[in-house]
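S.K.: Following this message is one structure expressed as structure tokens.
The values are calculated or read from the model by the stated rules, or taken from the named source; none is laboratory data. Model, not experiment: these values are computed from the prediction. Counting neighbours? That spans all protein chains shown, and the Cβs are built from the backbone with ideal geometry, glycine included. Heads up: the accessible areas ignore ligands, DNA and RNA and are worked out on the full protein's heavy atoms, side chains in. Shrake-Rupley method; radii C 1.70, N 1.55, O 1.52, S 1.80 Å.
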Amino acid sequence: MSVSRPAAVIVLAAGEGTRMKSRQPKILHDLCGRSMLGHVLAATGHLEPERTIVVVGYGRDQVRAHLAEIAPGAETVVQADQRGTGNAVRQVAETAGIPRGTVLVTNGDHPLLRGEIFAELLAAHEAGGNAVTVLSVQVPDPHGYGRIVRDESGDFAEIVEEKETTPAQQGIHEINTGMYAFDGGLLGDVVKRIGSDNTKGEEYLTDAIAILRGDGHKVGAAIAEDWVELQGVNDRVQLAEARRMLNERLLNGWMRAGVTFVDPRTAWIDVTVTFERDAVIEPNTQLRGATHIGEGAHVGPGVVLTDTTVGAEATLVNAVADGAEIGPGASVGPYAYLRPGTRLGARAKAGTYVEMKNAVVGEGTKIPHLTYVGDAEIGSGSNIGASTVFVNYDGVAKHKTKVGDHVRVGSDTMLVGPLTIGDGAYTAAGSVITKDVPPGALGVARGQQRNIEGWVERRRSGTASADAAKRARGEDAERSEHRKD
Ligand code: UD1
Ligand code: CA
């Protein structure tokens with residue numbers, strides 16, 4: 001749909017959102033990796049408005065800081081006292097100014113909106129030649145919304161807020177979505193004429209409709225088809241519901257693009273996550289931020305990834321990764337934790353109870369069990385034995401360990417950094433390695449074993465162990481007797 005660029009978009013975001021019972025302003029609450037305000041701005045952004053003006057009030061420092069991150073081009077206007085939606089637009093008129101041309105006004109608490117809906121509203125507004133066009137929709141439960149009141153001939157007459165409705169008006173199911181296209185030239189004037197003589201003592205933006213109509217201007221209501229995406233969020237129950245619907249929309253899009261979600265009810269993804277085809281996402285998996293899943297990769301069950309890249313055909317089970325790069329064909333888990341700066345090469349393995357951070361691992365290197373790898377660089381084709389610890393912290397500073405190609409680190413080795421293990425070297429199981437091991441050498445650093453014969457029978461006599469030992473030594477003696485025969 002081609003519509004002209006709006007002269008401005010005004011987003012009303014000054015309210016506290018008392019029903020959220022929260023420390024943070026309602027519109028900063030997150031759904032699928034984006035704030036409610038972020039979702040609204042993403043939708044209005046599709047229209048490429050000449051100006052985007054956000055009215056801030058409650059928690060404005062927080063909201064401004066957030067806007068600086070997500071929409072640095074947006075202007076803000078302060079509404080110090082939240083005296084209603086009409087008053088919010090009036091602050092814009094009195095400070096930033098409202099441009100001529102079409103101005104879109106929208107509530108900031110409708111996170112499921114798509115850009116298309118605004119485009120449809122603008123198209124209806126332009127086609128009707130209206131002073132204002134309200135986006136309305138039929139809802140099963142109109143409770144809490146402003147009602148669209150029509151005259152005898154069915155023409156849109158005014159919006160009546162829930163609290164001001166007559167019993168007959170309460171039965172109206174066509175509601176105001178809180179999205180409007182205005183003639184900017186008229187909007188600046190009309191918001192100054194809105195009174196506050198109502199139940200809440202607030203200036204209702206919705207009163208602008210009756211005023212404009214009274215002035216003889218044309219007002220219209222464009223009826224949207226899908227009420228679901230137009231729902232506002234006022235409390236955390238509605239937030240959860242909106243999040244579920246948004247997630248479902250995202251998953252459906254990816255499924256149509258060739259991604260399998262085995263259980264869409266327990267797969268949660270952010271709007272910023274991307275996939276290649278034939279990726280398979282198992283139940284109870286959460287993918288966040290800039291995570292990317294490669295072609296044919298198998299992720300889950302029970303995986304949580306944040307800002308993590310998964311290569312083609314890699315597999316992850318019961319794993320948590322944050323800021324990691326997992327190479328093609330690599331395998332992670334079950335029960336692995338990859339922290340920022342982990343880079344697993346192609347076909348490398350971080351197995352069970354393995355934690356890694358700031359560690360680069362070469363192609364085909366395996367770290368199968370019970371291991372901590374921190375501040376390390378490991379070459380290709382190496383094997384790190386069970387229970388190895390890269391001892392990177394001396395209590396004050398962090399130190400790096402380098403392990404070469406085709407190295408075999410024995411089980412239960414402490415690699416005390418700073419340290420270098422050369423290509424093709426081995427370390428003996430149970431060693432505390434504090435000095436470099438040259439290429440091809442075996443590093444051994446452990447006490448020699450000595451066996452104290454008969455100790456258990458002497459010092460633990462009468463125990464089951466002592467009895468077992470005695471029997472075994474008797475049998476040994478007998479066996480050597482037989483051998484003599
Ligand atoms: C508003 C509409 C109602 C509509 C509903 C749709 C009015 C008077 N009513 O009601 O007709 O059906 O949205 O969801 O407009 N805000 C400010 N400053 C204020 C008050 C609110 O910026 O002084 C902002 C809020 O942050 C919010 C938006 O305006 O983003 C809507 O405010 P809210 O109090 O939620 O209005 P509703 O009662 O839902
Ligand atoms: Ca609302």
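S.K.: Is it the case that residue 203 is within 37 Å of the chain's Cα centre (by Cα), away from ligand 1 (no atom under 14 Å from the Cβ), open to solvent by 10 Å² or more (accessible area, probe 1.4 Å) and within 28 Å of residue 29 (Cα to Cα)?
M.R.: No: the conditions fail for residue 203.
S.K.: State whether the residues of region 114-131 include one that is surrounded by 24 or more Cβ atoms within 10 Å (Cβ to Cβ) and within 16 Å of ligand 2 (Cβ to nearest atom).
M.R.: No, the conditions are met nowhere in region 114-131.
S.K.: Could you check residue 65 against (1) out of contact with any Ser or Thr (no Cβ under 7 Å at 6 or more places or on another chain); (2) small (Gly, Ala, Ser); (3) open to solvent by less than 40 Å² (accessible area, probe 1.4 Å); (4) more than 13 Å from ligand 1 (Cβ to nearest atom) and say which number it fails?
M.R.: (3)
S.K.: Scan region 447-485 residue by residue and report those that are surrounded by 10 or more Cβ atoms within 10 Å (Cβ to Cβ), modelled with pLDDT under 95 and either under 30 Å from residue 415 (Cβ atoms) or acidic (Asp, Glu) (or both).
M.R.: 475, 476, 478 - these are the residues of region 447-485 that are surrounded by 10 or more Cβ atoms within 10 Å (Cβ to Cβ), modelled with pLDDT under 95 and either under 30 Å from residue 415 (Cβ atoms) or acidic (Asp, Glu) (or both).
S.K.: List pairs: first residue in region 243-270 and more than 19 Å from residue 290 (Cα to Cα), second residue open to solvent by 70 Å² or more (accessible area, probe 1.4 Å) anywhere in the structure, Cβ distance under 7 angstrom, at least six positions apart or on different chains.
M.R.: Taking only residues 6 or more apart or on different chains, the pairs are 258/277; 258/278; 264/248; 266/284.
S.K.: What about residue 139, is it within 16 Å of ligand 2 (Cβ to nearest atom), of a type in the set (A, V, I, L, M, F, W, C), out of contact with any Ser or Thr (no Cβ under 6 Å at 6 or more places or on another chain) and open to solvent by 10 Å² or more (accessible area, probe 1.4 Å)?
M.R.: So residue 139 fits the description; yes.
S.K.: If you scan region 430-485, which residues turn out to be among the β-branched types (Val, Ile, Thr) and either in contact with a strand residue (DSSP E or B) (Cβ under 7 Å, 6 or more places away or on another chain) or farther than 21 Å from residue 386 by Cα (or both)?
M.R.: Scanning region 430-485 gives 432, 433, 434, 437, 452, 456, 463.
S.K.: If you check every pair at least six apart or on different chains, which have Cβ atoms under 8 Å apart with a residue in region 3-21 that is in contact (Cβ under 8 Å) with a residue 12 or more places away in the chain first and a residue that is assigned to a loop (DSSP other than H, G, I, E, B) and hydroxyl-bearing (Ser, Thr, Tyr) second?
M.R.: Filtered contacts from region 3-21: 14/58; 15/58; 16/58; 17/58.
S.K.: Within region 107-117, does at least one residue satisfy the condition of being of a type in the set (Asp, Glu), within 14 Å of ligand 1 (Cβ to nearest atom), farther than 13 Å from residue 5 by Cα and touching a Leu at 6+ places or on another chain (Cβ under 9 Å)?
M.R.: Yes, there is a match, as at least one residue in region 107-117 is of a type in the set (Asp, Glu), within 14 Å of ligand 1 (Cβ to nearest atom), farther than 13 Å from residue 5 by Cα and touching a Leu at 6+ places or on another chain (Cβ under 9 Å).
S.K.: Which number in (1) open to solvent by 10 Å² or more (accessible area, probe 1.4 Å); (2) within 36 Å of the chain's Cα centre (by Cα); (3) among the small types (Gly, Ala, Ser) marks the one condition that residue 178 misses?
M.R.: Evaluating residue 178 over (1) open to solvent by 10 Å² or more (accessible area, probe 1.4 Å); (2) within 36 Å of the chain's Cα centre (by Cα); (3) among the small types (Gly, Ala, Ser) leaves (1) as the failure.
S.K.: Being open to solvent by less than 10 Å² (accessible area, probe 1.4 Å) and either in a strand (DSSP E or B) or of a type in the set (D, E, K, R) (or both) is the filter here; which residues of region 354-377 pass it?
M.R.: 354, 356, 359, 361, 367, 371, 373, 374, 376
S.K.: Anything in region 46-98 that is assigned to a helix (DSSP H, G or I) and polar (S, T, N, Q)? List them, or say none.
M.R.: Those that are assigned to a helix (DSSP H, G or I) and polar (S, T, N, Q): 62, 85, 87, 91.
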